[in-house]
Amino acid sequence: MTRHLVVVGAQRCGTTYLADALGAQPGVVLATPRRPEPKVFLDDEVVARGVEWYVETWFPHRGAARLLVEKSTSYLDHPASGERIERVLGRPLVLAQLRDPVARAISHWRFSSEHGVEDRPLGSALIDSLTEERSWDRSRYSASPFAYLSRGRYAEALIPWMDRFGDRFRVLFLDEVVSGKAVEDLFASLDLGKARVETEPTNVSPGPAPTLEAGLVARLREYFAPNDQALIELLGRPLPWGGDRQEEAHG
């Protein structure tokens, strides 16, 4: 029996690394092309084409695959895509991957800057975001390229997905995936055998990561604190971040 797994986000949280780690395992096939991401379940008209179209279009190379994996990080910001995923795929496994929201914000700014969308220095962009998010072209992007802070408020984004998918929705932390533990545990739970994680960091912005002044880091930690606490209560486990960590590993 072939199963489906959908990685729904969060953006700039190492989901490309996660997809590479999954795709390296026997019996796992990733949706292709991978860039741009499929984003199939953002559009009702596309979803109406059905599961056979979905599989033939995005997994023509599947062979005897046991697990078909799509990664589209815009889904987490569009809860309605959860209903479409369920409508087409039945009872798939859905994953979200998270990282330190300060590191995620830095990575997001670098990505937007590299693609010519952002013209503000890092510190200015983040300070502006503490009070107001810059407007964006919704006809061009499926999610805001300036949501440096709001997309790090993970708890509020996860709730509708957890409500819909229950124990079929899992949350991974980047640190756990890099160590190999999360992928090994996932494979064991799916009876897919023993996983091996040996991939290198992927989708990382070029050059050294910028750093923030300690005062701004403290303001960002204060901004994220209520949401981090809500996330702890929602997941029932501690978070692998805090302090003044600003690392940029894995995009």
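Some notes on this structure:
- For the condition buried (at least 17 other Cβ atoms within 10 Å of the Cβ), modelled with pLDDT under 90, more than 17 Å from the chain's Cα centre (by Cα) and not in a loop (DSSP other than H, G, I, E, B), Phe224 does not qualify.
- Of the set (1) at pLDDT below 95; (2) under 22 Å from Leu234 (Cβ atoms); (3) in contact with a strand residue (DSSP E or B) (Cβ under 7 Å, 6 or more places away or on another chain), all apply to Leu98 but (1).
- Number of residues in the range 211-221 that are buried (at least 16 other Cβ atoms within 10 Å of the Cβ) and of a type in the set (Val, Ile, Thr) equals 1.
- Test: residue in the range 176-189 that is surrounded by 14 or more Cβ atoms within 10 Å (Cβ to Cβ), of a type in the set (Ser, Thr, Tyr), free of Cβ contacts under 8 Å to residues at least 40 places away in the same chain and part of a helix (DSSP H, G or I): no
- The range 20-30, residues that are surrounded by fewer than 24 Cβ atoms within 10 Å (Cβ to Cβ), closer than 23 Å to Glu86 by Cα and of a type in the set (A, V, I, L, M): Val28, Val29, Leu30
- Residue within the range 15-30 that is assigned to a helix (DSSP H, G or I), out of contact with any Asp or Glu (no Cβ under 6 Å at 6 or more places or on another chain) and farther than 30 Å from Asp228 by Cβ present: yes
- Of the criteria (1) of a type in the set (S, T, N, Q); (2) surrounded by fewer than 23 Cβ atoms within 10 Å (Cβ to Cβ); (3) part of a helix (DSSP H, G or I), which one Ser107 fails: (2)
- Summed over the range 92-104, the residues that are within 20 Å of Val51 (Cα to Cα) and out of contact with any helix residue (DSSP H, G or I) (no Cβ under 6 Å at 6 or more places or on another chain) give a count of 2.
- Gly123 vs. criteria in a helix (DSSP H, G or I), among the small types (Gly, Ala, Ser) and surrounded by fewer than 19 Cβ atoms within 10 Å (Cβ to Cβ): yes
- Residue list for the range 40-54, filter: buried (at least 18 other Cβ atoms within 10 Å of the Cβ) and either β-branched (Val, Ile, Thr) or at pLDDT below 95 (or both): Val40, Val47
- For the range 36-51, the count of residues that are under 24 Å from Leu192 (Cα atoms) and not in a helix (DSSP H, G or I) is zero.
- When residues in the range 126-139 are screened for being outside any loop (DSSP other than H, G, I, E, B) and farther than 14 Å from Arg151 by Cα, 2 of them pass.
- Of all residues in the range 143-171 being at pLDDT below 95 and among the hydrophobic types (A, V, I, L, M, F, W, C), the one that is nearest to Leu42 (Cα to Cα): Ala143
- Inclusion of Ser112 among residues that are in contact with a Phe, Trp or Tyr (Cβ under 6 Å, 6 or more places away or on another chain), under 19 Å from Leu76 (Cα atoms) and not aliphatic (A, V, I, L, M) is not warranted.
The values are calculated or read from the model by the stated rules, or taken from the named source; none is laboratory data. Because the structure is a prediction, the values reported are computed rather than measured. Positions of Cβ are generated from backbone atoms using ideal geometry, with glycine treated the same way; all protein chains shown enter the neighbour counts.
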